[in-house]
Amino acid sequence: MKYQLRPLGPDHKTSVMDIFNYYIQNSFSAFFTTCLPHGCFDALLQACRGYPALALEDESGQAVGFGLLKPFHPGDAVKRTAELSYFITPDCTRQGLGRMLLEKMTEEARKMGIDNLVASVSSQNEASLRFHQQNGFSEAGRIRSAGRKFEQEFDIVIFQKRV
């Protein structure tokens, strides 16, 4: 199957929120414990306004994943650093699509003068920890016992990649 990346827009609202809510309910990937209403999509777009935000679409035009960059910190002295987030439907993982999203977002970040990407990953999310390590990220810090989900504590591992 062929996939394409398109700018994230209002037509992706339902798919994106359904993907995100899947990870809220079933994994440590999202740092929420209850599903978010579809209306939160607008806040998501607002949070990454001015930064790359992409939908990963299948051949039918259905969003099967998304990725976005947002400011790491509001201070202008650190505007060269952005936080990265991405989610792909479980049936589309392990096909190189995460790498495809990461490469495109890295390319777009460079165009903006961003040369540091940061990702926050749950210590309980082994697949994401491996993904980031395999794609040039290194652990830059760890917030111990930062969260609790599914009756388990987890650290937030801060990954950094110079691009």
query = Here is a list of conditions, (1) more than 24 Å from Thr33 (Cα to Cα); (2) of a type in the set (Gly, Ala, Ser); (3) under 13 Å from the mean Cα position of the chain (by Cα), and Ser60 meets all of them except one; can you say which number that is?
reply = (3)
note = Within segment 71-91, the residues that are free of Cβ contacts under 8 Å to residues at least 60 places away in the same chain, in contact with a Gly (Cβ under 9 Å, 6 or more places away or on another chain) and under 23 Å from Phe28 (Cβ atoms) are Leu84, Ser85, Tyr86
note = Considering segment 7-24, residues that are among the charged types (D, E, K, R) and more than 15 Å from the chain's Cα centre (by Cα), and then whichever is nearest to Phe87 (Cα to Cα), we arrive at Lys13
query = Could you give every pair whose Cβ atoms fall below 7 Å, whose first residue belongs to segment 40-61 and is under 13 Å from Val16 (Cβ atoms), and whose second residue is surrounded by fewer than 16 Cβ atoms within 10 Å (Cβ to Cβ), counting only separations of at least 6 or pairs across chains?
reply = Ala53/Pro7; Leu54/Arg6; Leu54/Pro7; Leu54/Lys104; Ala55/Arg6; Glu57/Gln4; Glu57/Arg6
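Quick grid of which residues meet (1) surrounded by 15 or more Cβ atoms within 10 Å (Cβ to Cβ); (2) among the small types (Gly, Ala, Ser); (3) touching a Cys at 6+ places or on another chain (Cβ under 7 Å); (4) under 21 Å from Cys48 (Cβ atoms):
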position	(1), (2), (3), (4)
Leu102	yes, no, no, yes
Ile114	yes, no, no, yes
Gln124	yes, no, no, no
Ala127	no, yes, no, no
Glu153	no, no, no, no
Ile158	yes, no, no, yes
ask   = So Ser145 fits all but one of (1) free of Cβ contacts under 8 Å to residues at least 12 places away in the same chain; (2) crowded, with 20+ Cβ neighbours inside 10 Å; what number is the exception?
value = (2)
task = Scan segment 9-55 residue by residue and report those that are surrounded by 15 or more Cβ atoms within 10 Å (Cβ to Cβ) and touching a Cys at 6+ places or on another chain (Cβ under 8 Å).
result = Met17, Asn21, Ile24
message = I need every pair where a residue in segment 98-110 that is more than 11 Å from Leu84 (Cα to Cα) has its Cβ under 8 Å from the Cβ of a residue that is polar (S, T, N, Q) and assigned to a helix (DSSP H, G or I), sequence separation at least 6 or different chains.
response = none
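The numbers here are math on the coordinates, done by the rules we state, and not lab data. These numbers were taken from a predicted model, which means no experiment stands behind them. Cβ sites come from the backbone with ideal geometry, for glycine too, and all protein chains shown count toward neighbours.
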